[in-house]
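Take this structure, written in structure tokens, and hold onto it; I'll ask about it next.
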Amino acid sequence: MSNWFDKQLSSSDLSLLPETYENVNAFHRFLFIRCILRDRTISEARYYVQDSLGIKYLEIPVLSLELLWDESNSKISLLGLFSSSADSTSNIQTLTKKKNIDLFIVSMGEGR
């Protein structure tokens, strides 16, 4: 394996991996790629999730605030955690106007 690694380190073609590589399960394949080809970690993680759980876990669902609202009640809170690039303020404002609900927006500030 050491000879293979030294010879193939610069190659990005996964078909050049040793024959025993084909006999490992998806998780061990992911660990192997993570150790040797860090730039392939994300794509290999996607392969692992698809192989283990199914393709539906790779699809990004469309967020329906109205559906979330309909499923909530006074005993079920809604907590939204969004990335810095995802701003749902206008969607929330639209929903509150449609449902005739008072909305108070408090900015947490960047990086807090």
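We did not get these values from a lab; they are worked out from the coordinates using the rules stated. The model shown is predicted, which means the values in this text are computed figures rather than measured ones. No Cβ is skipped: glycine too gets one built from the backbone with ideal geometry, and neighbour counts run over all protein chains shown.
Hey, what do the phi angles of region 97-103 turn into as Karplus ³J(HN,Hα) couplings, whole Hz, using 6.51/-1.76/1.60 and θ = phi - 60°, x for Gly and Pro?
Listing the rounded values in order: 5, 5, 8, 6, 10, 6, 10 Hz.
In addition: Please compare each pair in 56/99; 75/99; 75/97 to a cut-off of 29 Å on the Cα-Cα distance and tell me which ones are over it.
On the way: 56/99 32 Å; 75/99 18 Å; 75/97 22 Å.
Violating the 29 Å Cα-Cα cut-off are 56/99.
Beta carbons within 10 angstrom, averaged per residue: use that to sort the peptides 90-100, 71-81, highest first.
Values: 90-100: 12.1, 71-81: 7.5.
Put in order of decreasing packing, that is 90-100, 71-81.
Excluding residue 66 itself, what net charge comes from residues whose Cβ is under 9 Å from its Cβ, given Lys and Arg +1 and Asp and Glu -1?
Details: positive: 98, 99; negative: 70.
Counting the neighbours of residue 66, the net charge comes to +1.
Report, as a whole number in µm² per second, the diffusion coefficient that Stokes-Einstein gives for region 61-112 at 25 °C and 0.890 mPa s using the Kirkwood radius over alpha carbon pairs. Show your work: numbers first, answer last.
Numbers: Rh = 12.6 Å.
In µm²/s, the coefficient rounds to 195.
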